[in-house]
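The block underneath contains the structure these notes are about, expressed in structure tokens.
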Amino acid sequence: MTAIELAQQLRAAFPGAIGEPQEFRGEITLKVLDAERIVEVCTFAKKDLAFDYLVDLSSVDNYGEDPRFTLVYELYGYGHHCHLRLKTDVSEEKSEAPTISGVWRTANWHEREIYDMMGVRFAGHPDLRRILMWEGYPYFPLRKDFPLSGKPSEVPEVAFTKTAPLEGGPFVTIAGGKDRIAREPRVRLPETDTPRMPENGNQTT
């Protein structure tokens with residue numbers, strides 16, 4: 001059984017709910033047209049098509065577009081060794097999708113990270129709280145409208161921050177440059193933005 005054959009089986013099980021398979025560099029992606037159906041689609045993929053491993057769950061901010069957010073589910077089956085990607089869209093107005101933590105328990109922390117960084121909530125999640133930032137932090141740092149210059153915040157008796165500028169700092173890739181090495185932030189000296197060159201002529205971090 002190939003990934004495209006498994007994708008066609010999944011699509012046939014949900015008529016009108018899943019778009020045509022898209023192939024790119026040997027990887028197959030299916031679009032679940034209604035985010036509210038993601039749980040039943042994932043359940044079928046696991047139980048009937050043996051996608052027993054949720055490799056990753058991530059999110060994309062399509063800033064300036066509607067719907068704004070895309071959730072990306074990376075599935076794998078240890079029995080058939082096939083990979084399948086599912087995508088579904090979530091509007092900025094709703095900013096919510098059903099949790100799949102009841103299908104794969106590993107989704108628990110993935111969904112918490114998406115909530116923390118992007119602000120998309122997961123209905124039915126057993127413990128939806130921030131996983132990196134502190135509770136009460138008012139922003140979602142991976143949204144594209146969050147400035148590189150940072151934002152100040154204050155939560156009395158919990159934490160407060162001044163702005164933490166990133167733009168132009170040693171950990172931000174420089175646009176342009178003669179090659180990818182020159183753009184790589186880890187090889188630059190903060191004071192000069194020039195690559196470090198040891199005596200043997202090979203760049204180092």
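Since every read-out is calculated from the coordinates, none of them should be taken as a lab result. Quick caveat, the model's predicted, so the values are computed rather than measured. Here the Cβ positions follow ideal geometry from the backbone for every residue, glycine too, while neighbour counts run over all protein chains shown.
Before moving on, here are some points about what is shown:
- Any pair with Cβ under 8 angstrom, 6 or more apart, that starts in region 15-33 at a residue that is free of Cβ contacts under 8 Å to residues at least 12 places away in the same chain and under 14 Å from Thr88 (Cα atoms) and ends at one that is part of a strand (DSSP E or B) and not basic (Lys, Arg): Gln22/Ile28; Gln22/Thr29; Gln22/Leu30
- Search result, residues across region 46-69 that are of a type in the set (Lys, Arg) and surrounded by 15 or more Cβ atoms within 10 Å (Cβ to Cβ): Lys46, Arg68
- Per the listing Val60, Val72, Val55, Val41, the residue uniquely in contact (Cβ under 8 Å) with a residue 40 or more places away in the chain and either of a type in the set (A, V, I, L, M, F, W, C) or in contact with a helix residue (DSSP H, G or I) (Cβ under 6 Å, 6 or more places away or on another chain) (or both) is Val41.
- Restricting attention to region 78-104 and to residues that are more than 17 Å from the chain's Cα centre (by Cα) and without any contact (Cβ under 8 Å) to a residue 60 or more places away in the chain, the residue that is surrounded by the most Cβ atoms within 10 Å (Cβ to Cβ) turns out to be Lys94.
- Every residue from region 52-89 that is over 18 Å from Val41 (Cβ atoms) and in a strand (DSSP E or B): Val60, Asp61
- Positions within region 107-131 being farther than 13 Å from Ser58 by Cβ and touching a strand residue (DSSP E or B) at 6+ places or on another chain (Cβ under 7 Å), in sequence order: Arg121, Phe122, Ala123, Gly124, Leu128
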